[in-house]
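Questions regarding the structure given below will be posed in turn.
The values are calculated or read from the model by the stated rules, or taken from the named source; none is laboratory data. Just so we're clear, the structure is a prediction, and the values are computed from it rather than from any experiment. Positions of Cβ are generated from backbone atoms using ideal geometry, with glycine treated the same way; all protein chains shown enter the neighbour counts.
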Amino acid sequence: MPAEETGGATPTGAADDRRGVVCVGSIIADLCKVIDTYPPLDHLATIEQVTTSTGGPGLNMAVDLSLLGADFPLWMEGAIGDDQHGAFVLGECARLGIDTGGVTTIAGTPTSFTDAMVERDGGRRTYFHHQGANARFDASTVDLTRFGARILHAGAPGLHHLMDAPLPGGGNGWSALLSRAQAAGMHTNLEMVDLDPARLRTLVDPCLPHLDSIVINELEAGALTGIEAPAPDPAGPVDWSAIETMARRLLDRGVGELAVVHFPAGCVAATRDGRTWRQGSVQVPRAQVRNTTGAGDAFAAGILFGVHEAWPIERCLLLGAASAAASLRSPHTSAGIGPAEQCIAEADADGYRPTTAAT
């Protein structure tokens, strides 16, 4: 089912001759450990499988765009340690054609990593994270003049000690980076991670006026907007109207062009001209769900792929849903993702969840 539009005028797409996406921020080694069950405190679970994948809202965007078949340049800016995880990240980026000229190696510091404990049945996960080299990354040293990029993607506030720190004149390292990118003529996008709501607002509020788009989940959007509409189950129920209000509120609070809010049952989008859309998520059979760890990042990559190519919003949402579904089928964070049209064809075959309001 294609995205359902619920009113307004036609959104604008990218209009300049710039090409490519600069991804700035979190570089993480995801250590996925599939367990038989999540145990109570002081009890035992069995680890059945261990895999290492690229991770982090900065790096995952670049990786997922490459896997979707991006024929435009991809750059990564961030920090790694001089360890095996850092070498793994550089090797994967080289394999996928991602430029790592802006990735700094910090001696004596471990590459940031996350232990993701993933339940075998259904793919639910719990994270244990170490900031490592990400804590020492400073985007004020990123030379934005060397890129001819159309989009700068930043992710994620809350995982970087230096970037998260308040600046003397107000804001933080993230808002300063986004402001510089807009001044350089780039479309700016932000992705987030789930944090305590008060902490999240402190970090992200200064960024909102410097964003052209934002792609986040309903819990993050709720924290920023004060609207509660949790939708944790793919089967619903979903208060679609409340989540549309979330998206519009993000625009009211400063986001310039596009706000997208995603959740297990689907997503909504709103644009500055008053238009809104709904898209149901893909009905992936439960038996095929191997890992939900990278689904949010895969969804965001689908959206940004379409934004870069100036696709209609409804097609951007369709690819976001299809890319997220593809990521679910692999125990690795991103390995299930294929070329964009293949993802959409597989999603069409499975079908999409309805976008009707809860009663």
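Could you please tell me which pairs satisfy a Cβ distance under 6 Å, a separation of 6+ or placement on different chains, a first residue in the range 6-27 that is farther than 19 Å from residue 142 by Cβ, and a second residue that is of a type in the set (Gly, Ala, Ser) and modelled with pLDDT of 50 or more?
8/274; 13/310; 14/310
Please specify each residue of the range 99-136 satisfying the condition of being of a type in the set (A, V, I, L, M, F, W, C), free of Cβ contacts under 8 Å to residues at least 60 places away in the same chain and surrounded by 15 or more Cβ atoms within 10 Å (Cβ to Cβ).
Let us first name the residues in the range 99-136 that are of a type in the set (A, V, I, L, M, F, W, C), namely 103, 106-107, 113, 116-118, 128, 133, 135.
Cutting the leftovers down to free of Cβ contacts under 8 Å to residues at least 60 places away in the same chain gives us 106-107, 128, 135.
Selection gives 106, 135.
For the range 71-91, state whether one or more residues are more than 17 Å from residue 27 (Cβ to Cβ), surrounded by fewer than 23 Cβ atoms within 10 Å (Cβ to Cβ) and in contact (Cβ under 8 Å) with a residue 40 or more places away in the chain.
Step one: filter the range 71-91 for residues more than 17 Å from residue 27 (Cβ to Cβ), giving 71-73.
Restricting the remaining residues to those that are surrounded by fewer than 23 Cβ atoms within 10 Å (Cβ to Cβ) gives 71-73.
Pick out the ones that are also in contact (Cβ under 8 Å) with a residue 40 or more places away in the chain and you get 72-73.
The answer is yes; a qualifying residue exists.
Looking at the range 178-202, which of its residues are crowded, with 23+ Cβ neighbours inside 10 Å and within 23 Å of residue 294 (Cα to Cα)? Walk me through it before giving the result.
Taking the range 178-202 and keeping what is crowded, with 23+ Cβ neighbours inside 10 Å, we get 178, 181, 186-192.
Once the filter is applied, which keeps residues that are crowded, with 23+ Cβ neighbours inside 10 Å and within 23 Å of residue 294 (Cα to Cα), the range 178-202 yields 188, 189, 190, 191, 192.
Yes/no matrix, rows are residues, columns are (1) among the basic types (Lys, Arg); (2) under 24 Å from residue 55 (Cβ atoms):
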{"position": "264", "(1), (2)": "no, yes"}
{"position": "283", "(1), (2)": "no, no"}
{"position": "290", "(1), (2)": "yes, yes"}
{"position": "299", "(1), (2)": "no, yes"}
{"position": "322", "(1), (2)": "no, yes"}
{"position": "327", "(1), (2)": "no, yes"}
{"position": "352", "(1), (2)": "no, no"}
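Return a yes/no flag: does the range 197-205 have any residue that is in contact with a Ser or Thr (Cβ under 7 Å, 6 or more places away or on another chain) and of a type outside the set (Ser, Thr, Tyr).
Of all residues in the range 197-205, those in contact with a Ser or Thr (Cβ under 7 Å, 6 or more places away or on another chain) come to none.
Taking every residue of the range 197-205 in turn, none turns out to be in contact with a Ser or Thr (Cβ under 7 Å, 6 or more places away or on another chain) and of a type outside the set (Ser, Thr, Tyr).
Tally time: how many residues in the range 227-241 are over 18 Å from residue 314 (Cα atoms) and buried (at least 21 other Cβ atoms within 10 Å of the Cβ)?
Quick first cut of the range 227-241, residues over 18 Å from residue 314 (Cα atoms) only: 227-239.
From what is left, the residues that are buried (at least 21 other Cβ atoms within 10 Å of the Cβ) are 229, 231, 238.
The qualifying residues number 3.
Would the range 209-225 turn up any residue that is over 30 Å from residue 144 (Cα atoms) and in contact with a Phe, Trp or Tyr (Cβ under 6 Å, 6 or more places away or on another chain)? Steps first, answer last, please.
Kept after step one, since they are over 30 Å from residue 144 (Cα atoms), are these residues of the range 209-225: 218-219, 222-223, 225.
Still in the list and also in contact with a Phe, Trp or Tyr (Cβ under 6 Å, 6 or more places away or on another chain): 218.
Checking the range 209-225: at least one residue is over 30 Å from residue 144 (Cα atoms) and in contact with a Phe, Trp or Tyr (Cβ under 6 Å, 6 or more places away or on another chain).
Still on this structure, please answer the following. Condition check: of a type outside the set (Asp, Glu), in contact with an Asp or Glu (Cβ under 9 Å, 6 or more places away or on another chain) and modelled with pLDDT of 95 or more. Does residue 229 satisfy that? Walk me through it before giving the result.
On the way: of a type outside the set (Asp, Glu): yes; in contact with an Asp or Glu (Cβ under 9 Å, 6 or more places away or on another chain): yes; modelled with pLDDT of 95 or more: no.
In short, no.
Is it fair to say residue 229 is small (Gly, Ala, Ser), under 27 Å from residue 123 (Cα atoms) and part of a strand (DSSP E or B)? Full working, then the answer.
On the way: small (Gly, Ala, Ser): yes; under 27 Å from residue 123 (Cα atoms): yes; part of a strand (DSSP E or B): no.
The answer is no for residue 229.
Quick check on the range 39-50: of everything there that is among the hydrophobic types (A, V, I, L, M, F, W, C) and outside any strand (DSSP E or B), which residue is surrounded by the most Cβ atoms within 10 Å (Cβ to Cβ)?
Let us first name the residues in the range 39-50 that are among the hydrophobic types (A, V, I, L, M, F, W, C), namely 41, 44-45, 47, 50.
Within this subset, residues satisfying the condition of being outside any strand (DSSP E or B) are 41, 44-45.
Values: 41: 4, 44: 8, 45: 15.
Step by step, filter the range 39-50, then rank; the result is 45.
Can you go through 238, 255 and tell me which one is at pLDDT 95 or above and outside any helix (DSSP H, G or I)? First the steps, then the outcome.
Details: 238 fails: at pLDDT 95 or above.
After ruling out the rest, the residue left standing is 255.
Would you pick out the residues in the range 186-226 that are under 22 Å from residue 316 (Cβ atoms), modelled with pLDDT of 95 or more and part of a loop (DSSP other than H, G, I, E, B)?
Matches in the range 186-226: 186, 211, 212.
Starting from the range 38-67, take each residue that is farther than 13 Å from residue 118 by Cβ and free of Cβ contacts under 8 Å to residues at least 60 places away in the same chain and list its partners that are assigned to a helix (DSSP H, G or I) and not hydroxyl-bearing (Ser, Thr, Tyr), counting only C-beta distances under 6 angstrom and pairs at least six apart or across chains.
Note: pairs meeting the criteria are 66/96.
I need the helices (runs of 4 or more DSSP H) fully contained in the range 259-359, keeping only those with at least 2 residues that are surrounded by 22 or more Cβ atoms within 10 Å (Cβ to Cβ), of a type in the set (S, T, N, Q) and in contact with a His (Cβ under 7 Å, 6 or more places away or on another chain). Can you show your working first?
Working: elements: 295-308, 313-328, 340-350.
Where helices (runs of 4 or more DSSP H) fall fully within the range 259-359, none carries at least 2 residues being surrounded by 22 or more Cβ atoms within 10 Å (Cβ to Cβ), of a type in the set (S, T, N, Q) and in contact with a His (Cβ under 7 Å, 6 or more places away or on another chain).
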